[in-house]
Protein chains: 2
Amino acid sequence: MGKKNNVTFDDIAKYTNFSKTTISRYFNNPDSLTLENQEVIAKALVDLNYKENKVARILANGQTEFIGIIIPNLFLHYYSEMLDKILSTYEQFGYKFLVFIGNEKEETERRYIKELLAYKIEGLIVLSHTIPSEELAALGLPIVTIEREDRWVCSVNTDNYMGGCQAAGLLARHHCDILIHINSSSARNVPAYGRIQGFLDICKETKLPYELFLKEMGNNHESLKEHLTDILCALEQKYTDRKKGIFFSNDTHANIFLNLLVRKYGSLPEDYLIIGFDNSPVSREALIPISTIGQQIDKIAYEAVSLLIEQINGRKKRRPVLLKEPVHKVITPVLLKRETTERI
Amino acid sequence: MGKKNNVTFDDIAKYTNFSKTTISRYFNNPDSLTLENQEVIAKALVDLNYKENKVARILANGQTEFIGIIIPNLFLHYYSEMLDKILSTYEQFGYKFLVFIGNEKEETERRYIKELLAYKIEGLIVLSHTIPSEELAALGLPIVTIEREDRWVCSVNTDNYMGGCQAAGLLARHHCDILIHINSSSARNVPAYGRIQGFLDICKETKLPYELFLKEMGNNHESLKEHLTDILCALEQKYTDRKKGIFFSNDTHANIFLNLLVRKYGSLPEDYLIIGFDNSPVSREALIPISTIGQQIDKIAYEAVSLLIEQINGRKKRRPVLLKEPVHKVITPVLLKRETTERI
């Protein structure tokens, strides 16, 4: 008996003397049976060594419990930590994740999305920047994006504006003579642009002089180091003996800059204050622990999955409930003061 | 016409005047049709706005093209890079990945494997250490493990013994007075134990004095820093003025130790040589670039997926071919000399 490979509903029906309909109800709507009958069937499943085949169940009720994820890469710690936290929501929600690495290639990502749709995913989480939100919205599927252009779809983002204010505010309170912000040239419709706006507003409010360095510095260590060496040179010439407060758009950049200073001077000179963004491990584990604006990645991941499941459940109702407008959730960042701003 | 949600084989058959069997053959064995008929059906699919439903196809041929992955976490860069490379093999092989983060909890991981089996995965890649290979083998499913106890299942591992020899050999060639290896207390049946063995064999061969520090130092930065501070103290007392060659079991530990030295002395003292393991980004991006034994993660990932698919294909043959013995593939590590051993 235990030798049979695929135990069918027929087998279970015969074994329990219930009808096949009753067995089917046990799997799809168990509460429609008495507790006693549920127990009889549960026992039969053990006796028959029944193995659940979710693929077959999907065909019955159309619910795969799959969520697709398109993520640019896992090299940047921000992405790998986010994926870690998203996958871990399985414990709360039971949804499974099909993951694709997009590498920011638009055509590749379109192909991945098509593949995900063929597997009947119930929703999609997008962390990549390539495909416009209008095109995503047209897929007619529950979608949540994280930190990307989100006009037409639901999203969860850090309050980047508040983060920019917190960083510049801390540097201002430490009586820096000049505030500097180093960032890529973000498009205005990307959430991260808020960091620049927050920085600028605080500079204007405090009437402190400031300078923006906005340029693409590449995604590998060598190219970043080269660009940051140039910026260091420029700052040393232009602002000699002035107290420089520098806000970096991420901790990786802040750490490379810190290392350049330490290799030059043996330690962080008194006239430099540094603050990063993200609270990634590199900020805590740097030679001199780096102050930063912490993103609450666990919270962002949880809210993204919840917001997606809310949409999924809305569609499953007898009278489907669709959102009238995309929902945008904003998560508060946390200022973390460490040695690069608070000397000991 | 384009409005209909689910285009069935019936619809396609009617539209093309072929039988349903012909349509089915188009999807499951297209080469059994003439090229001309294939084209007629392909055109009909476009006209009818047919969307492939792979879930339905799975039921027809039993092939989900799913591979399950159990990975301990994505915090350690070794794991996130490995996952990145495994997921990227989709481009070559077309298999999709269902990913679970196990967090090294045995019962949780058993639950995840059960869930993966319910989704009819065709194979499983395991990077976690909790479940013995004998239990994995009993699942009766193609399996490949990476860097874990692998007596009863196929595996792909770095040649850890060679790595240990390379590291100790480099330190010996630099005329160190004492060779030191810092590692956790690895069990002998785990592949990484080879690093210790390789180190010991070179020490004996060169007749150089050596010391092993084998202990659990925890998985977070604070605890690692505390343990490594203790080791630094011990080394400073015991081996004053002697040239110390230190081989760390991973780059993260090597980097923390390097930072302790730089904070104490402003730079890396002449009497310390340091080499890590993995070639993770932290080794390249450290204040002083760290020499290391590079793991070829892209190759390991590729070989793991190939070895798994070989097993999967073997089972699909009309006369299924099962492996008589587990296959263990070994990938050569690469010695990378940087500033912590080659002063400039």
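Quick notes on this structure:
- Evaluating A:SER249 against the criteria (1) surrounded by 14 or more Cβ atoms within 10 Å (Cβ to Cβ); (2) farther than 19 Å from A:LEU76 by Cβ; (3) away from chain B (no Cβ under 14 Å) leaves one unmet condition, (2).
- Criterion (over 25 Å from A:GLN166 (Cα atoms) and assigned to a loop (DSSP other than H, G, I, E, B)) met by exactly one of A:PRO269, A:PRO320, A:PRO289: A:PRO320
- Counting the residues of the range A:202-219 that are assigned to a helix (DSSP H, G or I) and surrounded by fewer than 15 Cβ atoms within 10 Å (Cβ to Cβ) gives 2.
- Filter result for A:ILE275 (more than 13 Å from chain B (Cβ to nearest Cβ), surrounded by 15 or more Cβ atoms within 10 Å (Cβ to Cβ) and not in a helix (DSSP H, G or I)): yes
- Any hit, the range A:317-328, residues being farther than 24 Å from B:ALA286 by Cβ and within 14 Å of another protein chain (Cβ to nearest Cβ): yes
- Looking only at the range B:84-101, residues that are at the interface with chain A (Cβ under 10 Å from one of its Cβ atoms) and in a helix (DSSP H, G or I) come to 7 in all.
- Checked against (1) part of a helix (DSSP H, G or I); (2) within 14 Å of chain B (Cβ to nearest Cβ); (3) without any contact (Cβ under 8 Å) to a residue 60 or more places away in the chain; (4) surrounded by 12 or more Cβ atoms within 10 Å (Cβ to Cβ), A:GLU222 passes all but condition (4).
- Single unsatisfied condition, A:GLU270 versus (1) buried (at least 17 other Cβ atoms within 10 Å of the Cβ); (2) more than 14 Å from chain B (Cβ to nearest Cβ): (1)
- Residue tally, condition within 14 Å of another protein chain (Cβ to nearest Cβ) and either in contact (Cβ under 8 Å) with a residue 12 or more places away in the chain or closer than 16 Å to B:GLU147 by Cα (or both), over the range B:285-304: 8
- Of the residues in the range A:146-158, not one is small (Gly, Ala, Ser), over 29 Å from B:GLN92 (Cα atoms), under 23 Å from the mean Cα position of the chain (by Cα) and surrounded by fewer than 18 Cβ atoms within 10 Å (Cβ to Cβ).
- Residue in the range B:270-284 that is without any contact (Cβ under 8 Å) to a residue 12 or more places away in the chain and more than 27 Å from A:ASN220 (Cα to Cα) present: no
- Flag if A:TYR210 is touching a Lys or Arg at 6+ places or on another chain (Cβ under 9 Å), away from chain B (no Cβ under 14 Å) and among the aromatic types (Phe, Trp, Tyr): yes
- Whichever residue in the range A:295-307 is surrounded by fewer than 19 Cβ atoms within 10 Å (Cβ to Cβ) and of a type outside the set (D, E, K, R) and, among such residues, is nearest to A:HIS174 (Cα to Cα): A:GLN296
- Within the option set A:GLU109, A:GLU115, A:GLU81, being surrounded by 18 or more Cβ atoms within 10 Å (Cβ to Cβ), among the acidic types (Asp, Glu) and under 18 Å from B:GLU65 (Cβ atoms) holds for one residue only, A:GLU115.
- When we screen A:GLU81, A:GLU104, A:GLU39, A:GLU122 for residues that are within 11 Å of chain B (Cβ to nearest Cβ) and of a type outside the set (Lys, Arg), the only hit is A:GLU81.
- So B:LEU260, is it within 14 Å of chain A (Cβ to nearest Cβ) and of a type in the set (A, V, I, L, M): yes
- One residue stands out in the range A:308-344 among those that are basic (Lys, Arg) and free of Cβ contacts under 8 Å to residues at least 24 places away in the same chain: the one that is surrounded by the most Cβ atoms within 10 Å (Cβ to Cβ), namely A:LYS317.
Values in this text are rule-based calculations from the coordinates and carry no lab data. This one's a predicted model, so the numbers in the text were calculated from it and none came from an experiment. When we count neighbours, we look across all protein chains shown, and the Cβ atoms used for this are built from the backbone with ideal geometry, even at glycine.
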